[in-house]
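Trainee: Input: one structure, supplied below.
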Amino acid sequence: MTEKTNLTPRDWVIAGLAALGEGGLDAVRVERLAKQLGTTKGSFYWHFADRPALLEAMLHLWEREGTAEPVAKAIAIADPAERLRQITKGALSVTGRGASVGRAETALRAWAAQNPEVGQRFARIESERIAALSGALAALGYEAAEAGRLAKALYLTLIGLYSVRPYAPELAEDQALLDLVERVIAGAPGR
């Protein structure tokens, strides 16, 4: 295999997230990623001081592109029903930059469960995601506490969908979640 040139830190991060999703934290190894990317370990060390720096970059990318940017886009949508639909459709993306979103999310959760620092960060980010859902639901007319509970229920449904995609794709039916969102919209007090 010929060595690829001009790899960016982002290329390494995406490869790291894909490896994480496929094999967990232990699969994120510099030598393995270099082989997968068709380059040398030297390319990795050009961009990152060490593996922990890559892991931090992976979390940062996931936080930015998996939460901050989609939430900002969603909040800009004036119609709360459409906002809720777009948040849900965005979350159902199967792949992001070549990595399985669901597998990466599931692996990140496993990492968060084992590492208190990652767990705190993950909990904060999940709170931001749930707040975006809750805000849309409240804008639809749901009382704040009920909007919060519904937001959690929708979010936990998404997590369940992610977790079964690898082994029971027939159970991981995206349309089921989309239909649930439509029922929540139709049942909103403000409708």
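The values are calculated or read from the model by the stated rules, or taken from the named source; none is laboratory data. What you see is a predicted model; the values in this text were computed from it and never measured. Neighbour counts are summed over all protein chains in view; Cβ atoms, including those assigned to glycine, are modelled from backbone coordinates with ideal geometry.
Trainee: ALA27 - would you say it is surrounded by fewer than 18 Cβ atoms within 10 Å (Cβ to Cβ), free of Cβ contacts under 8 Å to residues at least 12 places away in the same chain and closer than 30 Å to THR157 by Cα?
Mentor: Working: surrounded by fewer than 18 Cβ atoms within 10 Å (Cβ to Cβ): yes; free of Cβ contacts under 8 Å to residues at least 12 places away in the same chain: yes; closer than 30 Å to THR157 by Cα: yes.
Answer is yes for this residue.
Trainee: Considering only residues that are of a type in the set (A, V, I, L, M, F, W, C) and either in a helix (DSSP H, G or I) or modelled with pLDDT of 95 or more (or both), which ones fall in the range 166-191?
Mentor: As a first pass, look at the range 166-191 and keep what is of a type in the set (A, V, I, L, M, F, W, C): 168, 171-172, 176-178, 180-181, 184-186, 188.
Scanning the range 166-191 gives ALA176, LEU177, LEU178, LEU180, VAL181, VAL184, ILE185, ALA186, ALA188.
Trainee: Just one of (1) surrounded by 17 or more Cβ atoms within 10 Å (Cβ to Cβ); (2) over 19 Å from the mean Cα position of the chain (by Cα) trips up LEU180, so point out which.
Mentor: (1)
Trainee: Kindly provide the set of residues from the range 68-90 that are crowded, with 16+ Cβ neighbours inside 10 Å and in contact with a Lys or Arg (Cβ under 6 Å, 6 or more places away or on another chain), ordered by number.
Mentor: ALA74 - this is the single residue of the range 68-90 that is crowded, with 16+ Cβ neighbours inside 10 Å and in contact with a Lys or Arg (Cβ under 6 Å, 6 or more places away or on another chain).
Trainee: Of all the residues that make up the range 125-152, how many are modelled with pLDDT under 95 and either of a type in the set (Lys, Arg) or farther than 14 Å from VAL71 by Cβ (or both)?
Mentor: Residues in the range 125-152 being modelled with pLDDT under 95 and either of a type in the set (Lys, Arg) or farther than 14 Å from VAL71 by Cβ (or both): 1 in total.
Trainee: Output the number of the condition that SER163 fails; it satisfies all remaining conditions of (1) assigned to a helix (DSSP H, G or I); (2) surrounded by fewer than 15 Cβ atoms within 10 Å (Cβ to Cβ).
Mentor: Here SER163 meets the rest and fails (2).
Trainee: Could you look through the range 25-47, keep only residues that are assigned to a helix (DSSP H, G or I) and of a type in the set (Lys, Arg), and pick out the one that is nearest to ALA110 (Cα to Cα)? Break it down into steps so the answer makes sense when it comes.
Mentor: Just the residues of the range 25-47 that are assigned to a helix (DSSP H, G or I), to begin with: 25-27, 30-37, 41-47.
Narrowing further to those that are of a type in the set (Lys, Arg): 32, 35, 41.
Values: ARG32: 21, LYS35: 25, LYS41: 27 Å.
Of everything passing the filter in the range 25-47, ARG32 is nearest to ALA110 (Cα to Cα).
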